[in-house]
Amino acid sequence: MSKEVFADRLKMAMARQGKKQVDLIRAAAAQGVKLGKSHMSQYVSGKTFPREDTLCFLAKNLGVTKEWLSGEEEDDRQVQKTEESRESSSESENHMLGGKKMREFKKSTKLNNVLYDVRGPVVDEAARMEEAGTQILKLNIGNPAPFGFQTPDEVIYDMRRQLTECEGYSPAEGLFSARKAIMQYAQLKNLPNVTMDDIYTGNGVSELINLCMSALLDNGDEILIPAPDYPLWTACAILAGGKAVHYICDEQSDWYPDMDDIRKKITDRTKAIVIINPNNPTGALYPKEVLQQIVDIAREHQLIIFSDEIYDRLVMDGEEHISIASLAPDLFCVTYSGLSKSHMIAGFRIGWAIFSGNKDMAKDYMEGVRMLSNMRLCSNVPAQSIVQTALGGHQSVMDYVVPGGRIYEQREYIYKALTDIPGISAVKPKAAFYIFPKIDVKRFNLKDDEKFALDLLKDKKILLIHGGGFNWNQPDHFRVVYLPRIEVLKESVSKIADFFSYYHQ
Ligand SMILES: Cc1ncc(COP(=O)(O)O)c(C=O)c1O
């Protein structure tokens, strides 16, 4: 029995059935079979072979025999048989159109290993409950506006004034005025060697993450991504055909990246390292020494550094945010930020990417980004029109992150309230508006964090995202977005505390 054959057959059977890893994990949970996300991804990547009971479960769910799935049975007719039986069963379910068997459209198999649980199954369940009239307390998404964080008036006023001038496409890379303001911002952050041609605006940082991963990764190319991560990075790397290799951020060291782990995971195929600073989901802010160590490793192995700095203006305790690119003039870096969080306009969709440092290393890559950027024509033009307004003058976000400000006070509250719950511990966040508490798994016999999130939702009508949603491979964390006002946070935490007083898996 070969792990590789098993992995290939597993992927083939999943593709034929249109099932993703998450579908099998959910089916297993529903049937009381132990199958965690990390197990599943190890099976798919050929790292381990399942136990007999798990093998039986997988075979049954994928409509194949366990002998075939395990590689004991030689030929591939099994999948064909499965396909036939699936087709005939769908016919028998009367899926007919105009007297012919109805054609069915399955999602692309490229999506098989893509997970994005920030809007995943637990969130779907919450939506179903809401539809049925249940009120849900939402601590799941970093979207400031619905929690009463207001866009600065000047931004709205200036967008209104310019709206009629924003009817056409802009240049693909973005309006001159927007890129000029971003370039000046890059100068303030000491990003080296940035010209106007090195700046691209996007429909949020999200679009640019996708675009930059697609432009870089060939099948099997590796990219280092933090665990926990903001899962879009992993999803886009995989969708581009790359291999997301997760390096650990260490909770014992304020969630800083573990340098030894990064070193261990570099191979001949590693092209780049991603850092998220300030971090979602941990709220960590990396000091200069930590950034310097990452630069040293990137320099040694000539890696591109992708730095997601969307929360760079949401920093507390008088700390300063340092852009890693400012420490790496001899390396090629791409720095991302935008206005979704700092200016509370996530819905306007405006973010940017800045190339800096040694651009000779990446001429062809930059050409690829340009090509993809041209293909999407341009980013949202009304949103580009207010970048200059937003980045200049008084930064209203500063009032939120100092004592007396909403984000600061909400952080103080949530940190204390959550860590007062027996069995829950947390590192105090220094930036952004997330906290990533740890659950004492022994105390609650916790085996499956997604089940925990679902149980909490059903029992207490509170929606939050389990650690696995951030590619954290132990079932022992969850993320809380502390954007709601303190009264709402109080109500939520008292329900969470009550839940943990009886919960046992
Ligand atoms: C770390 C990180 N990067 C990027 C994004 C996406 O930002 P945008 O709204 O600019 O697409 C988010 C959104 O939550 C995020 O947390």
- Item | the chain - percent relative contact order, Cα under 8 Å, separation 6 or more | 18
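Given charges of +1 on the Cβ of Lys and Arg and -1 on the Cβ of Asp and Glu, with all other atoms neutral, how large is the dipole of the chain about its Cα centre, in debye to the nearest 20?
Roughly 860 debye, rounded to the nearest 20.
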- Note the per residue figure in Å³ for the convex hull of the C-alpha positions in segment 164-391. 112
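Figure the gain on full extension for residue 455 and residue 187 (residue separation times 0.36 nm, minus the Cα-Cα span) and round it to one decimal in nm.
Using 0.36 nm per residue and subtracting the Cα-Cα distance, I get 91.7 nm.
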- Query: In what order do 504, 39, 95 fall by count of nearby beta-carbon atoms within 10 Å, going from fewest to most?
  - Reply: 504, 95, 39
- Kirkwood Rh, segment 208-331, all Cα pairs: how many Å? 14.5
- Magnitude of the charge dipole, segment 164-391, Cβ model with Lys/Arg +1 and Asp/Glu -1, debye to 20: 540
- Query: Counting alpha carbon pairs within less than 8 Å and at least 6 residues apart, what relative contact order, in whole percent, applies to segment 164-391?
  - Reply: 30
- Query: How much net charge surrounds residue 258 when only other residues with a Cβ under 11 Å from its Cβ are counted (Lys, Arg +1; Asp, Glu -1)?
  - Reply: -1
- Query: Which value in deg cm²/dmol, rounded to the nearest 500, describes the helix-derived mean residue ellipticity at 222 nm for the chain, given -39,500 (n - 2.57) per DSSP H run of n ≥ 4 and division by the residue count?
  - Reply: -12500 deg cm²/dmol
- Query: What aspartates and glutamates could a cross-link reach from residue 416, if we take a straight Cα to Cα line under 18 Å and drop same-chain neighbours fewer than 8 places away?
  - Reply: 251, 254, 317, 440, 487, 491, 498
- Task: Starting from the Cα-Cα distance between residue 197 and residue 23, subtract it from 0.36 nm times their residue separation and give me the gain in nm to one decimal.
- Result: 58.3 nm
- Task: Pick out, from 285, 272, 262, the residue whose Cα sits farthest towards the positive end of the charge dipole of segment 252-297, with +1 on the Cβ of Lys and Arg and -1 on the Cβ of Asp and Glu.
- Result: 272
- Note down the net charge around residue 391, summing +1 for each Lys or Arg and -1 for each Asp or Glu among other residues with Cβ under 13 Å from its Cβ. +1
- List 449, 296 from most exposed to least, where exposure is judged by having the fewest other Cβ atoms within 10 Å. 296, 449
- Fewest-first sequence of 229, 448 by Cβ atoms within 10 Å of each Cβ: 448, 229
- Item | Among the listed pairs 20/438; 271/363; 110/243; 458/495, those beyond 20 Å (Cα-Cα) | 20/438
- Loop chymotrypsin sites (Phe, Trp or Tyr not before Pro), segment 151-198 (other Cβ atoms within 10 Å of the site Cβ: 15 or fewer; DSSP): 169
- Message: Here is the link list: 3/265; 189/359; 11/138. Which ones come out longer than 23 Å on Cα distance?
- Response: 11/138
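Could you compute the net charge surrounding residue 446? Neighbours are other residues with a C-beta less than 12 Å from the C-beta of residue 446; K and R count +1, D and E count -1.
Summing Lys and Arg as +1 and Asp and Glu as -1 gives -1.
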- Query: To the nearest 0.05, what FRET efficiency results for residue 165 and residue 488 with a Förster distance of 30 Å applied to their C-beta separation?
  - Reply: 0.15
- Rg(Cα) / (2.2 N^0.38 Å) computed for the chain, rounded to two decimals: 1.02
- Query: For residue 252 and residue 289, what does the FRET efficiency come to when R0 = 22 Å and r is the distance between their Cβ atoms, rounded to the nearest 0.05?
  - Reply: 0.85
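Quick note: the coordinates plus some simple rules give every number you see, no bench work behind them. Quick caveat: nothing in here was measured; it's all calculated off a predicted structure. Glycine also receives a Cβ, built like all others from the backbone with ideal geometry; neighbour counts cover every protein chain displayed.
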